[in-house]
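Working notes, structure below.
The values are calculated or read from the model by the stated rules, or taken from the named source; none is laboratory data. What you are looking at is a predicted structure, and each value in this text was computed from that prediction instead of being measured. As a convention, Cβ positions derive from the backbone with ideal geometry for all residues, glycine included, and neighbour counts pool all protein chains shown. Keep in mind that these areas ignore ligands, DNA and RNA; they rest on the heavy atoms of the full protein, side chains included. Shrake-Rupley method; radii C 1.70, N 1.55, O 1.52, S 1.80 Å.
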Amino acid sequence: MIAHLKGREKALEAFGWTGREAEWIALVCLHSGVFTRDQISDWLRIDRFKALRFVQDITERRLAAEDTHEGRKVCRICARAVYRALGAEDIRHRRIASSEVLLRRLLSLDHVMGHAGKAWLPTEPEKVAAFEEIGIDRRVLPVRVYRGAGGNTRRYFPLKLPVALDAGGGVFVYADPGHETAAGLHSWGRAHRQLWAALQKRSRPVEAVAVVRTDREFERAEKVLGNWTDPARSPSRSRASATGPEIRREIERIEQGIRGRDESVIEEHGSLRGCLARLAELRAALPTAPSEAMIDGFTVWRSRRLSGDPF
C-alpha cells in the first residue's frame, strides 16, 4: 500500500483496475499524467509485450492516448473520468504538452516510482495545505499568476514537481528536461528560497533532488546544488564562514550604523571609508551565498529508464 495515495486507487475499481495496476494509474495521474512502456514494465514486473497489451487496452477504451514524441512512445491518461475518480479533476496532467514538459513529467514519475514510500504531496491543494498546517503562510510558496478574461488565477508550485513533507523535513525534486544551462535550476531555487527558509526556522531540514539523464546534467546539478549547500565565505574573513542570511544581516547592521553615525560600528572598521569597503565586500559575496537557495543536503539522481533514449 502506498500511503501518500491515501486509498484513492480503490476508486479505480470501477474501471477494472485493482492492486498494483490501480496504484500505477493513480501514481501516473497524480504525478505526471504520462508514462513510457519501460516504466510500466518495471512497475508491474511484466515484459514489453504485456506492457503493450496494457497500453492498447486503455487506449482502445479511450481512457488514454499514445503518441510518439521525438522517437519515444509516451502514453497519456486523458480521460477526465479517471481524474475525477481520484479527486484530481482540476489537475492539468491530462492535457497535451510540449516535449520539454512531457520529459519533465516523465522524470518526476521515474523518481517517485523509486521512492514511492515518501510522504509525497501529489496535488497543489495538498501541497498548500501541508505547509499551512505547520504554520507556513502561502505567501512564501512558489506561485505563478495566470491572467485571463475571467480574472487572475494563482497557481502554487506551478511546475508540478514532486514535493514530500513529514516531521523529518522536506524533499523538493527538480527534473531537468535537458536544458543547455543551469538557468532553470537556479530559477527553481529562487522560487523556493523563502519556503526553504521558513522550513528551516521550524527545524525541518531541506533536501533538494535533481533528476537528470546525462553525465553533463549530472555534473552541472551536482555543482549548483553543492554551492547551495556549502556556506559562503566572506572574502576578508578567514575566521568564520557566513551563510547568506548572516551576510545580509551584517550588511543591514553596518548600513544602520552609518545612517545613525554609530561610533562603535565606524570604529570597528577603522573609519567611514572602512565601513563602505566592508559593505562592498559583503555585497560581492552575496551572488554565491546560499541565501539564493539555501538547502541542508542534496542528491543528484540519474534516471536509468529514461537516460540515453531519444526525446
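Computed quantities for the displayed model
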read-out	value
Residue under evaluation P177, criteria (1) in contact with an Asp or Glu (Cβ under 7 Å, 6 or more places away or on another chain); (2) modelled with pLDDT of 95 or more; (3) buried (at least 20 other Cβ atoms within 10 Å of the Cβ), criterion not met	(2)
Pairs with Cβ under 7 Å, 6+ apart, first in the range 175-190 and closer than 11 Å to R213 by Cα, second of a type in the set (D, E) and surrounded by fewer than 21 Cβ atoms within 10 Å (Cβ to Cβ)	P177/E100
Residue list for the range 79-94, restricted to those being surrounded by fewer than 19 Cβ atoms within 10 Å (Cβ to Cβ) and closer than 19 Å to V55 by Cβ	A79, A81
E132 part of a loop (DSSP other than H, G, I, E, B) and open to solvent by 70 Å² or more (accessible area, probe 1.4 Å)	no
Matching entry among E60, E124, E70 (being among the acidic types (D, E) and without any contact (Cβ under 8 Å) to a residue 24 or more places away in the chain)	E60
Pick from the range 37-59, criterion surrounded by fewer than 21 Cβ atoms within 10 Å (Cβ to Cβ) and either part of a loop (DSSP other than H, G, I, E, B) or polar (S, T, N, Q) (or both), ranking: nearest to the chain's Cα centre (by Cα)	S41
Members of the range 138-166 found to be in contact (Cβ under 8 Å) with a residue 12 or more places away in the chain and assigned to a loop (DSSP other than H, G, I, E, B), listed by number	L141, P142, F157, P158, L159, K160, L161, P162
Residue match in the range 198-210 (condition: in a helix (DSSP H, G or I), at pLDDT 90 or above and loosely packed, with under 12 Cβ neighbours inside 10 Å)	yes
Sole exception among (1) buried (at least 21 other Cβ atoms within 10 Å of the Cβ); (2) at positive phi; (3) in contact with a strand residue (DSSP E or B) (Cβ under 8 Å, 6 or more places away or on another chain) for G169, by number	(1)
Count of the range 285-307 residues which are more than 30 Å from G71 (Cα to Cα) and at pLDDT 75 or above	5
Check on K6, surrounded by fewer than 17 Cβ atoms within 10 Å (Cβ to Cβ) and closer than 22 Å to R92 by Cβ	yes
Criterion: assigned to a helix (DSSP H, G or I), basic (K, R) and at pLDDT 95 or above - qualifying residue of R62, R105	R105
